[in-house]
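Have a look at this one before I ask anything.
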Amino acid sequence: MPLVKGGKITADPLILVADEADIPGEGAILISAARFLGDAEALSLRAGRTAVIWPNNRDVDDLVPYLGRLAAVALVFPTFRDGRAYSQARLLRERHGFKGELRATGQVLRDQFVFMLRAGFDAFEVKKQSDAEAFAATVKRYSVFYQPTGDGRITALHRRMQLRHSESAGQ
Amino acid sequence: MYAYDELDRTIINERVSEFRDQVKRRLSGELTEDEFKMLRLQNGVYLQLHAYMFRVAIPYGTLSSKQLRALAHVARRYDRGYGHFTTRQNIQFNWIKLAELPDALADLAEVGIHAMQTSGNNTRNVTSDQWAGVAPGEVEDPRIWSELLRQYTTLHPEFSFLPRKFKFAITASDHDRAAIKVHDIGLRLYKNEAGETGFEVLVGGGLGRTPFIGKTIKPFVHGHDLLSYVEAILRVYNQYGRRDNIYKARIKILVHELGIEKFAKEVEEEWLQMRDSALAIDDSVIEDIRSRFSYPAYEKLPHMPEELKKAAHDPHFEAWRKNSVAPHKVTGYSIVTLSLKPVGGPPGDATADQMDAIADLADKYSFGEIRVGHEQNLALPHVARRDLPVLWKALDRIGVATPNVNLVSDIIACPGLDYCSLANARSIPIAQELTRRFANHETANMIGRLHVNISGCINACGHHHVGHIGILGVEKNGEEFYQITIGGRADEKAEVGTLIGPAVPYGEVADVVEDIVEAYLALRARPDELFIDTVKRLGVEPFKERVYATR
Amino acid sequence: MTSPLEQKKIRITGPSMVTANRTWDGVVIYRTASQSWSADLSDAAIVRTSDEARALLTESIADDIGAIGAYIAPVEIKDSGKIKPGNLREHIRSEGVTIDLPVPA
């Protein structure tokens, strides 16, 4: 499954480590929330970088204390229709100030890329190769946005008011 | 009328391009139906019995004449020459081809009409009072806030994949014509003692399988906090609404299962963390939106012009005027309702020719503006009283002047089994027969205000739960049967109706309604005691006895 | 006429067929015996056991590009062999709405 980051397909720097497998001493790993929470202090401080897959039916609050030490947080879309991870993403980015990689996993399809970016995701485990290849073009689909999110884009309302002020200022 | 600018039009156009691409990928097989279905729903495209159905948004029920002509064009060019106005102030076309939808959407985009989020598990059309901006006694125009909400909810990245659909309604009048108490979020606009504009916020109203009347979650939310508060509600719902069972996934179930106090607490906790965020609305924002609504330059006109005095001699005109014309907040003007419930006709339908004719009349007599009501009628909101006689003649010629507004033959009905793949039974022929039984205008007038609502299945798109008489189609052994309820209402005293007895077969429904009406006429305390009040006073027993005595 | 969209177990009680809607224009279609679709009910493949019905439905659903929403519906076979719709819902899908359209179709 191709990983898209920085707008293009890239190699995945994280290694997925199954719950039963041993944790390597170094290297960047991606582990389940259950495993991480079982030994959170140690795991968040290990030499290599640690990333956690957080389930979409659990509050992100339990992960918040460790955010500053995590390489990435992977959130889950079990089907593309299950939109809980959008709320989780916004909370992590906007309320808790998470600055690391926020990865979308699960059924990640082309037609949700723009929503995901706006919610704060910056890495995508894309289900279909063709969708991954179309990423750069797809995210250009929309240039106007009505509501504010943490992505810093100005809303239509405020753009409009800016235009108005600059018009009247120019008179 | 709200004027879309470059930015609004850009969003609509970008949406059309996106959908065009999605349709292409569906027809080529690159997208499976499972992947495509939610995408097409988000553009208002359903699959019905014989064809796709295309639901176009009419934000808070306001249309310009240009927009109405564009709807007529779509009906002619891409459909079978007519459209159906719905209980959520939208319009539906029943024969549209998927392959032609992007073109139909592009044509509509040229006049600022779209179909975004008219279906799917997202936030739907924000509906309001069809008399907004012109009703006497209104606090202020609720459409300004509806537009604010429309923008906020359109293509919201966090809330486009909710557990289930989500519907808003706003009213700013004491008499609620927007049915806010049966919406997921209902907003009652008012000014508090300090004179500040704000909202009573209700949540968890809804019809369908498990009807609920909305509960007040917060008695006053300041206008500045409306969007942040709504976001808090949506976020709690998005995270905790059930996703395991589509029949238990609406917010009304979450509110019911948690209890309103606990739910309110969850929302409050969330809200307090974000109320002073970018979503705080300041006055300049409201003013900007308000400034883009244009209002007519009303003339100073007399309340009783000569034209009206003369026309009073015509009993047909008078019958219509007394029924379909309502007072306007500006002296000398009136609000005219156009009945889309002709005798023998399917309720809420209009042909392309009728739409064009109404658009022309709107230009001549209503400053180019038309409204759509959730009772599936249209309205011309700015008619000078001196123009009423000449307008009436024109409306009568095109068949939209049946003087039955709010009477027993002003029926609200879903499309039913004739069109809809969810239906168990037909609703339109039942409505048609009822209009024939009650075609006599004097009789209907004598009966008085009586709302009949018909739904072809438990999804309740006909709002039968809140009908004075509610009719619900069910299936028994392959035959169409109908459950009858009475005593429902959708206004500020909203209530769910009560079943009067076992379901009756298709052929008997009209007889049953006649029996109910006869019972009412015999039992009412005075000629002006409304049906709904007689039911409230006496309960269902006397009606039940009358209906089932010989059945 | 309980919506077939609620069909979970496949159990037929008489002769049945598979029907769907054509993807590009939504027109009602019927699965034929030769792995294709026809808009004519008389071309429909008839199944008489639940196993046959299941098999026909499975291969119909796999044909995802041309048709959507496939489900099993009852038919009535007249003495003449003519296939008629087996319930009101299928009658409406095959013959059209039971009311007059506001303008001639």
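The values are calculated or read from the model by the stated rules, or taken from the named source; none is laboratory data. All values reported here derive from a predicted model rather than from experimental measurement. Methodologically, a virtual Cβ is constructed for each residue, glycine included, from the backbone with ideal geometry; neighbour enumeration extends over all protein chains shown.
When you scan the stretch C:21-37, how many residues do you find that are hydroxyl-bearing (Ser, Thr, Tyr), more than 7 Å from chain B (Cβ to nearest Cβ) and in contact with a helix residue (DSSP H, G or I) (Cβ under 7 Å, 6 or more places away or on another chain)?
Selection size over the stretch C:21-37: 2.
For the stretch B:435-462, what are the residues that are under 19 Å from B:SER324 (Cβ atoms) and within 14 Å of chain C (Cβ to nearest Cβ)?
B:THR435
Something else about it: Could you please let me know if B:ASN90 is in contact with a Lys or Arg (Cβ under 7 Å, 6 or more places away or on another chain) and crowded, with 20+ Cβ neighbours inside 10 Å?
Taking the combined requirement at face value, the residue satisfies it.
This table checks each residue for (1) over 27 Å from B:VAL203 (Cβ atoms); (2) assigned by TED's automatic domain parsing to the domain that holds B:PHE212; (3) not aliphatic (A, V, I, L, M).
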site	(1), (2), (3)
B:ASP225	no, yes, yes
B:GLU231	no, yes, yes
B:LEU234	no, yes, no
B:ARG243	no, yes, yes
B:VAL255	no, yes, no
B:LEU258	no, yes, no
B:LEU279	no, yes, no
B:GLU299	yes, no, yes
B:ALA311	yes, no, no
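Follow-up. Would you point out the residue of the stretch B:248-267, among those that are without any contact (Cβ under 8 Å) to a residue 40 or more places away in the chain and under 24 Å from A:ALA85 (Cβ atoms), that is nearest to the other protein chains (Cβ to nearest Cβ)?
B:GLU266
Still on this structure: Restricting attention to the stretch B:15-52, report how many residues are farther than 11 Å from B:LEU98 by Cβ, of a type in the set (Val, Ile, Thr) and more than 7 Å from every other protein chain (Cβ to nearest Cβ).
Result for the stretch B:15-52: 1.
Something else about it: Within the stretch B:7-14, identify whether any single residue is more than 10 Å from chain C (Cβ to nearest Cβ) and closer than 26 Å to C:GLU90 by Cβ, and answer yes or no.
Checked against the condition, which is being more than 10 Å from chain C (Cβ to nearest Cβ) and closer than 26 Å to C:GLU90 by Cβ, the stretch B:7-14 yields no hits at all.
Let me ask something additional. Quick one: C:THR98 ticks every box in (1) over 30 Å from B:GLY344 (Cβ atoms); (2) within 13 Å of another protein chain (Cβ to nearest Cβ); (3) of a type in the set (Ser, Thr, Tyr); (4) out of contact with any strand residue (DSSP E or B) (no Cβ under 8 Å at 6 or more places or on another chain) bar one, so which box is it?
C:THR98 satisfies every listed condition except (1).
Further question: Of all residues being more than 27 Å from B:GLU529 (Cβ to Cβ) and surrounded by 19 or more Cβ atoms within 10 Å (Cβ to Cβ) in the stretch B:465-502, which is modelled with the lowest pLDDT? Just the residue, please.
Taking the candidates together, the pick is B:GLU475.
Identify, please: which residue in the stretch B:269-284 is surrounded by 14 or more Cβ atoms within 10 Å (Cβ to Cβ) and either of a type in the set (A, V, I, L, M) or assigned to a helix (DSSP H, G or I) (or both) and is, among those, nearest to the other protein chains (Cβ to nearest Cβ)?
Only one residue tops the list, namely B:ALA278.
Would you check if B:ASN245 is closer than 29 Å to A:PRO78 by Cβ, more than 13 Å from chain A (Cβ to nearest Cβ) and among the polar types (S, T, N, Q)?
yes
Let me ask something additional. Any residue at all in the stretch A:150-171 that's at positive phi and either crowded, with 19+ Cβ neighbours inside 10 Å or at pLDDT 95 or above (or both)?
no
Considering each of B:ASP511, B:ASP515, B:ASP533 in turn, give the residue that is touching a residue at least 12 places away in the same chain (Cβ under 8 Å), among the acidic types (Asp, Glu) and either in a helix (DSSP H, G or I) or out of contact with any strand residue (DSSP E or B) (no Cβ under 9 Å at 6 or more places or on another chain) (or both).
After applying the criteria, what remains is B:ASP515.
What residue, among those in the stretch B:116-134 that are over 16 Å from B:LEU149 (Cα atoms) and either assigned by TED's automatic domain parsing to the domain that holds B:LEU71 or touching a helix residue (DSSP H, G or I) at 6+ places or on another chain (Cβ under 8 Å) (or both), is surrounded by the fewest Cβ atoms within 10 Å (Cβ to Cβ)?
Applying the filter and picking the extreme gives B:SER119.
Inside the stretch B:314-353, can you point out the residues that are surrounded by 22 or more Cβ atoms within 10 Å (Cβ to Cβ), touching a residue at least 60 places away in the same chain (Cβ under 8 Å), outside any loop (DSSP other than H, G, I, E, B) and of a type in the set (S, T, N, Q)?
B:SER324, B:THR337
Checking A:PHE121 against (1) under 30 Å from B:ASP283 (Cα atoms); (2) assigned to a loop (DSSP other than H, G, I, E, B); (3) in the same structural domain as A:ASP61 (by TED's automatic domain parsing): exactly one of these is not met. Which one?
So A:PHE121 meets the others, but not (1).
Which of the following residues is out of contact with any strand residue (DSSP E or B) (no Cβ under 6 Å at 6 or more places or on another chain), acidic (Asp, Glu) and either in a strand (DSSP E or B) or surrounded by 16 or more Cβ atoms within 10 Å (Cβ to Cβ) (or both): C:ASP51, C:ASP64?
The unique qualifying residue is C:ASP64.
Only one residue in B:PRO136, B:PRO142 is in contact with a Phe, Trp or Tyr (Cβ under 8 Å, 6 or more places away or on another chain) and either under 19 Å from B:GLU369 (Cα atoms) or facing another protein chain (nearest Cβ under 10 Å) (or both), so which one is that?
So the residue among B:PRO136, B:PRO142 that is in contact with a Phe, Trp or Tyr (Cβ under 8 Å, 6 or more places away or on another chain) and either under 19 Å from B:GLU369 (Cα atoms) or facing another protein chain (nearest Cβ under 10 Å) (or both) is B:PRO142.
Determine if the stretch C:90-104 includes at least one residue that is in contact (Cβ under 8 Å) with a residue 60 or more places away in the chain and among the charged types (D, E, K, R).
Within the stretch C:90-104 (the criterion being in contact (Cβ under 8 Å) with a residue 60 or more places away in the chain and among the charged types (D, E, K, R)), the answer is yes, since at least one residue qualifies.
If you don't mind, there's one more thing I want to ask. Of (1) surrounded by fewer than 23 Cβ atoms within 10 Å (Cβ to Cβ); (2) under 21 Å from the mean Cα position of the chain (by Cα); (3) not basic (Lys, Arg), B:TYR78 satisfies all except one. Which?
(2)
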